[in-house]
Every structure is written in C-alpha cells, then in structure tokens.
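Q: Pasting a structure here, questions to come.
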Amino acid sequence: MSSVNKVILVGNLGADPEIRQTNGGQPVANMRIATSESYTDKSGQRVETTEWHTVTAWGKTAELCGQYLSKGRKVYIEGKIKTREYTDKEGNDRKAFEVVAKEVTFLGGDGGGQRQSNDGGYNQQPRAQNPDRAPRQSGGGWNGNGGGNQGNQGNWGNNGGGSDPIPF
C-alpha cells in the first residue's frame, strides 16, 4: 500500500520571508506561518491556540515569495513534511520538522489570489494542476468533468460556493 505525505496550511506570515541562495545559485525562502484555532472551554471561555510552522520554498516560488509576501500576509501553502536531524551547539541530537512548499497561493492583501507552484510559471488566475484535484477559487469552483490525463477541460465559475479558499 502506498503512503501520503501532504500538508495544507492557511495562515499568516510571522515575519517577512528570509531569502537566500544555495552554493549552486538555487533560491530558497524560509518562512514562519502561524495557524490559529479557537474553541470554547468547559467554563465557557473562548480559547485561541496558535501553531507555528516552518515552511521552505525553492526556485521561482521562493523568489516570488520574497518579492510579494510580507509579515502578516495570509497564504495558502500546499506541500510535504520533511524531517531534518542535526546536532546542536551543546552536542545534543535534535530533529526539526518543516513543510517543503510545492504550491504557495497569496491570499488577501495587495495580490489576492495569486498562485505560484514549483513546477511552472506565475499565474494571476489560479489554474488546476490536475483536474482530479483542482482547487476552489473564492466564490466559485472548478466546473470540469475531471478524470485521467484529459487536461483542463473545465472552467472557473461561480457555482454558489462561499468565499472558502480551501480546495476541499
């Protein structure tokens, strides 16, 4: 049986992306994304918890994150979890978990809805990479017949869906 390593985050940047280049000249962006959830505890008090996630983007995606993203900006991240093992300054073995971004969509703010993926160019209008797993655009959805390698056989449209940017 195969396995799945997929992460979807919708959150806000805790700081401007940190952009650098590898020795080979490959751009890499490191970002900290905050996701929050709230609930009411037994005593009726509203409690909000925040989780911080380390996200890494590569190539053209990294460049565009550095150019268009800034602290507080809301983003949609799709990628995979990667574990790194290292030894700290005191000689202790440590593990770090990070999300390696395959796709970054800039939500809200100046560039609302702009999308960048590691396997292609920059798109003002989000497009499905695969009709079988096409994302929903705010206020609409993917109207296609899906299935197989038939390409993008549908179009974006307003099907009465809300403003939910999450693709499921």
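The values are calculated or read from the model by the stated rules, or taken from the named source; none is laboratory data. All values reported here derive from a predicted model rather than from experimental measurement. Cβ coordinates were reconstructed from backbone atoms using ideal geometry, including for glycine residues, and neighbour counts include every protein chain displayed.
Q: Condition check: of a type in the set (S, T, Y), farther than 18 Å from E98 by Cβ and buried (at least 16 other Cβ atoms within 10 Å of the Cβ). Does Y68 satisfy that?
A: Values: of a type in the set (S, T, Y): yes; farther than 18 Å from E98 by Cβ: yes; buried (at least 16 other Cβ atoms within 10 Å of the Cβ): yes.
So Y68 fits the description; yes.
Q: Kindly establish whether R32 is out of contact with any helix residue (DSSP H, G or I) (no Cβ under 6 Å at 6 or more places or on another chain), modelled with pLDDT under 95 and not in a helix (DSSP H, G or I). Walk me through it before giving the result.
A: On the way: out of contact with any helix residue (DSSP H, G or I) (no Cβ under 6 Å at 6 or more places or on another chain): yes; modelled with pLDDT under 95: no; not in a helix (DSSP H, G or I): yes.
Against the criterion (out of contact with any helix residue (DSSP H, G or I) (no Cβ under 6 Å at 6 or more places or on another chain), modelled with pLDDT under 95 and not in a helix (DSSP H, G or I)), R32 does not qualify.
Q: A further question on this structure: Give the residues of segment 35-52 that are assigned to a strand (DSSP E or B), of a type in the set (S, T, Y) and more than 20 Å from R73 (Cβ to Cβ), sorted by residue number.
A: From segment 35-52, those assigned to a strand (DSSP E or B) are 35-40, 46-52; that's our starting set.
Checking the rest, the ones that are also of a type in the set (S, T, Y) come to 35-36, 38-40, 49-50.
Those that are assigned to a strand (DSSP E or B), of a type in the set (S, T, Y) and more than 20 Å from R73 (Cβ to Cβ): S38, Y39, T40, T49.
Q: Is segment 13-31 home to any residue that is of a type in the set (K, R) and crowded, with 19+ Cβ neighbours inside 10 Å? Break it down into steps so the answer makes sense when it comes.
A: First, the residues of segment 13-31 that are of a type in the set (K, R): 20.
Now narrow it down to the ones that are crowded, with 19+ Cβ neighbours inside 10 Å: none.
No, segment 13-31 contains no residue that is of a type in the set (K, R) and crowded, with 19+ Cβ neighbours inside 10 Å.
Rundown of residues vs (1) farther than 15 Å from M31 by Cα; (2) in contact with a Ser or Thr (Cβ under 9 Å, 6 or more places away or on another chain); (3) modelled with pLDDT under 50, yes/no style:
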| position | (1), (2), (3) |
| --- | --- |
| E85 | yes, no, no |
| K89 | yes, no, no |
| K102 | no, yes, no |
| L107 | yes, yes, no |
| N155 | yes, no, yes |
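Q: What pairs come up if the first residue lies in segment 79-103 and is among the polar types (S, T, N, Q), the second is assigned to a strand (DSSP E or B), and their beta carbons are under 9 Å apart, counting only those six or more places apart or on different chains?
A: From residues that are among the polar types (S, T, N, Q), the pairs are T83/K95; T83/A96; T83/F97; T83/E98; T87/D93; T87/R94.
Q: Let me ask something else about it. Taking Y86 as the residue in question, decide whether it is in a strand (DSSP E or B) and surrounded by fewer than 18 Cβ atoms within 10 Å (Cβ to Cβ). Step through it out loud before you land on a result.
A: On the way: in a strand (DSSP E or B): yes; surrounded by fewer than 18 Cβ atoms within 10 Å (Cβ to Cβ): yes.
The answer is yes for Y86.
Q: Sort out which residues of segment 1-29 are under 14 Å from the mean Cα position of the chain (by Cα), part of a strand (DSSP E or B) and either of a type outside the set (G, A, S) or not assigned by TED's automatic domain parsing to the domain that holds V104 (or both), and write them in order of number.
A: Correct list: V7, I8, L9, V10, N12, L13.
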